[in-house]
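The values are calculated or read from the model by the stated rules, or taken from the named source; none is laboratory data. In this text the structure is predicted, and so the values were computed from the model without any measurement. All Cβ positions, glycine included, derive from the backbone under ideal geometry; neighbour counts span all protein chains shown. Note: accessible area is taken over every heavy atom of the protein model, side chains too, but ligands, DNA and RNA are not part of it. Shrake-Rupley method; radii C 1.70, N 1.55, O 1.52, S 1.80 Å.
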Amino acid sequence: MNISGMIKVGMGDLKVCKTPGVLTTLGLGSCVGVALYDPVSKVSGLLHCMLPDSTQFKNVTNVAKYADSGLIELISQMEKLGANKTRMVAKIAGGAQMFASKSHNDTLKVGERNVMAVKMKLSEMQIRIIAEDTGLNFGRTVEFYSETGKYKIKAVGKPEKII
Amino acid sequence: MSKINLEELSDMQFDLLKEIGNIGAGNATTALAKMLQMKMDMSVPKVALLPFKDISQLIGSEDQIVVGILLGMEGEITGMMMFLFDTKSAHHLVNKLMMQEDSVDNNSTDFTEMEMSAISEIGNIVSGSYLTALGTLTNLNVYATVPSMTVDMIGALMSVPASEFGKYGDKLLLIQSQFGESEFVTGYFMLIPELESYEKILAALGM
């Protein structure tokens, strides 16, 4: 926890909390910040994943780096805190394309692929996405409030948004 | 598959990479100083292997707003190169280049089209001299792709090289140099070669 009482989630990282915890991640670029929330127990989790698919890699040492393995881990940690998977809903943000693509390098499109991977995995696990703010070309700082289920999104030079 | 393991680089390999940062950034700083006709100093480069979540902290907080210029490296050495300036420095550099007076609001994150293009041009020149030095030193062919520029939070900008490197491991190796003119300009060069390119660079230098 930092001074403002928020639980910080780093790049390629995930954290869970009970109410009234607030989860935050700063400067999401091509990464996706997936907030999962059980409205009854108010147990919340935030994943900051960087890459779409862990099955393409042999040595997965950090599951939170990938959308698919990260979501499985996030749900299991939330269940340990008393969340029920069938009640969970998701709010997602991020997956921007930070630099205009001028080459064939598909790294630059990783944001888009991250968002797609998150959506696929969530639908496979039958978790509904109730709000999203993804894509475009700017970074986002997000805060998830477990008490209200609100997801606050801040971006440079733009008004704050709550989804 | 590449043989090199970034977790197990020897001190000597680290030193060699540092030297590359030194020479490359030295050349780039000189080019920039000449173009702007100002005196510039450069710090001793840092080579660091950092977990992703700590990368942005090397420079500041993840939500600090900076100007980032990203270029791809192509040829025998491939990877990415990134320059970061704080917004104040970017304004100052552009004003010097365009012979404008510094305005009061140098922390503003707004840049005109003209200013953006001037910053990209600075990126072009600086990266060109960095890569020329790298190419000469290693005798390898390397050139930069067209730069693209963004003003945003450090964390968001760093996610681009981080996701590229995320394919190889949980850490990112950065060759980073800081340069500046008194307190006005602070910038960072980052050289982020792909794993195979590290091997080539080190081999070319006799390691």
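Quickly run through the range A:123-163 and pick out the residues that are open to solvent by less than 70 Å² (accessible area, probe 1.4 Å), part of a loop (DSSP other than H, G, I, E, B) and either within 14 Å of chain B (Cβ to nearest Cβ) or on the phi < 0 side of the Ramachandran plot (or both).
Selection gives A:MET125, A:ILE127, A:GLY135, A:PHE138, A:GLY139, A:SER146, A:ALA155, A:VAL156, A:ILE163.
Output the number of residues of the range A:12-31 satisfying the condition of being facing chain B (nearest Cβ under 7 Å) and either in contact with a Lys or Arg (Cβ under 9 Å, 6 or more places away or on another chain) or free of Cβ contacts under 8 Å to residues at least 60 places away in the same chain (or both). Before the answer, list the steps.
We begin by selecting, within the range A:12-31, every residue facing chain B (nearest Cβ under 7 Å); these are A:12-13, A:26-31.
Next, from what is left, pick out any that are either in contact with a Lys or Arg (Cβ under 9 Å, 6 or more places away or on another chain) or free of Cβ contacts under 8 Å to residues at least 60 places away in the same chain (or both): A:12-13, A:26-30.
Residues flagged as facing chain B (nearest Cβ under 7 Å) and either in contact with a Lys or Arg (Cβ under 9 Å, 6 or more places away or on another chain) or free of Cβ contacts under 8 Å to residues at least 60 places away in the same chain (or both) within the range A:12-31 amount to 7.
Evaluate the following for A:LYS91: is it more than 12 Å from every other protein chain (Cβ to nearest Cβ), touching a residue at least 40 places away in the same chain (Cβ under 8 Å) and either small (Gly, Ala, Ser) or not in a strand (DSSP E or B) (or both)? Step through it out loud before you land on a result.
On the way: more than 12 Å from every other protein chain (Cβ to nearest Cβ): yes; touching a residue at least 40 places away in the same chain (Cβ under 8 Å): yes; either small (Gly, Ala, Ser) or not in a strand (DSSP E or B) (or both): no.
So A:LYS91 does not fit the description; no.
Looking only at the range A:14-37, count every residue that is assigned to a strand (DSSP E or B) and among the basic types (Lys, Arg) and tell me the total.
Initial filter on the range A:14-37 (assigned to a strand (DSSP E or B)): A:14-17, A:22-28, A:32-37.
Then drop every residue that is not among the basic types (Lys, Arg), which leaves A:15.
Total meeting the criteria: 1.
Conditions tested, residue by residue: (1) within 22 Å of B:ILE65 (Cα to Cα); (2) among the hydroxyl-bearing types (Ser, Thr, Tyr).
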{"position": "B:ILE119", "(1), (2)": "yes, no"}
{"position": "B:VAL160", "(1), (2)": "yes, no"}
{"position": "B:TYR168", "(1), (2)": "no, yes"}
{"position": "B:LYS200", "(1), (2)": "no, no"}
{"position": "B:ALA204", "(1), (2)": "no, no"}
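For the condition within 17 Å of the chain's Cα centre (by Cα) and under 29 Å from A:LEU28 (Cα atoms), what is the one hit in B:LEU32, B:LEU58, B:LEU17?
Result of the check over B:LEU32, B:LEU58, B:LEU17: B:LEU58.
When you go through (1) outside any helix (DSSP H, G or I); (2) more than 14 Å from the chain's Cα centre (by Cα); (3) not polar (S, T, N, Q) one by one for A:GLU79, which number turns out not to apply?
Unmet for A:GLU79, out of (1) outside any helix (DSSP H, G or I); (2) more than 14 Å from the chain's Cα centre (by Cα); (3) not polar (S, T, N, Q): (1).
For the range B:142-159, name all the residues that are assigned to a strand (DSSP E or B), within 7 Å of another protein chain (Cβ to nearest Cβ) and within 19 Å of B:LEU174 (Cα to Cα).
Scanning the range B:142-159 gives a single hit, B:MET153.
Filter the range A:106-122 for residues that are among the basic types (Lys, Arg) and within 11 Å of chain B (Cβ to nearest Cβ); which is surrounded by the most Cβ atoms within 10 Å (Cβ to Cβ)?
Kept after step one, since they are among the basic types (Lys, Arg), are these residues of the range A:106-122: A:109, A:113, A:119, A:121.
Subset that is within 11 Å of chain B (Cβ to nearest Cβ): A:109, A:113.
Values: A:LYS109: 12, A:ARG113: 19.
Here the answer is A:ARG113.
Listed here are the residues, each with its yes/no results for (1) of a type outside the set (A, V, I, L, M, F, W, C); (2) open to solvent by 20 Å² or more (accessible area, probe 1.4 Å); (3) at pLDDT below 90.
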site: A:VAL9; (1), (2), (3): no, no, no
site: A:CYS17; (1), (2), (3): no, no, no
site: A:GLY29; (1), (2), (3): yes, no, no
site: A:VAL32; (1), (2), (3): no, no, no
site: A:TYR37; (1), (2), (3): yes, yes, no
site: A:LEU46; (1), (2), (3): no, no, no
site: A:MET50; (1), (2), (3): no, no, no
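Go through (1) over 26 Å from B:ALA31 (Cβ atoms); (2) more than 8 Å from chain A (Cβ to nearest Cβ) for B:LEU174 and report which single condition fails.
If we test B:LEU174 against (1) over 26 Å from B:ALA31 (Cβ atoms); (2) more than 8 Å from chain A (Cβ to nearest Cβ), just (1) comes out false.
Going through B:SER89, B:SER56 one at a time, which residue ends up being among the hydroxyl-bearing types (Ser, Thr, Tyr) and either at the interface with chain A (Cβ under 9 Å from one of its Cβ atoms) or farther than 21 Å from B:VAL160 by Cβ (or both)?
Values: B:SER89 fails: either at the interface with chain A (Cβ under 9 Å from one of its Cβ atoms) or farther than 21 Å from B:VAL160 by Cβ (or both).
Being among the hydroxyl-bearing types (Ser, Thr, Tyr) and either at the interface with chain A (Cβ under 9 Å from one of its Cβ atoms) or farther than 21 Å from B:VAL160 by Cβ (or both) holds for just one of B:SER89, B:SER56, which is B:SER56.
Given the conditions (1) within 21 Å of B:PRO45 (Cα to Cα); (2) touching a Pro at 6+ places or on another chain (Cβ under 9 Å), report the number of the one that B:SER120 does not fulfil.
(1)
Out of all the residues in the range B:115-136, is one or more at the interface with chain A (Cβ under 10 Å from one of its Cβ atoms), hydroxyl-bearing (Ser, Thr, Tyr), over 23 Å from B:PRO193 (Cα atoms) and over 13 Å from the mean Cα position of the chain (by Cα)? Let's see the steps before the verdict.
Restricting attention to the range B:115-136, the residues satisfying the condition of being at the interface with chain A (Cβ under 10 Å from one of its Cβ atoms) are none.
No: the range B:115-136 contains no residue that is at the interface with chain A (Cβ under 10 Å from one of its Cβ atoms), hydroxyl-bearing (Ser, Thr, Tyr), over 23 Å from B:PRO193 (Cα atoms) and over 13 Å from the mean Cα position of the chain (by Cα).
Given the conditions (1) surrounded by fewer than 24 Cβ atoms within 10 Å (Cβ to Cβ); (2) within 14 Å of chain B (Cβ to nearest Cβ); (3) assigned to a helix (DSSP H, G or I), report the number of the one that A:GLY70 does not fulfil.
(1)
Within the range B:61-74, is even one residue touching a helix residue (DSSP H, G or I) at 6+ places or on another chain (Cβ under 6 Å) and more than 24 Å from A:PHE99 (Cβ to Cβ)?
The answer is no, given that none of the residues of the range B:61-74 is touching a helix residue (DSSP H, G or I) at 6+ places or on another chain (Cβ under 6 Å) and more than 24 Å from A:PHE99 (Cβ to Cβ).
Suppose we keep only residues that are more than 29 Å from A:LYS58 (Cβ to Cβ), part of a strand (DSSP E or B) and open to solvent by 20 Å² or more (accessible area, probe 1.4 Å) within the range B:160-202. Which one would you say is modelled with the highest pLDDT?
B:TYR188
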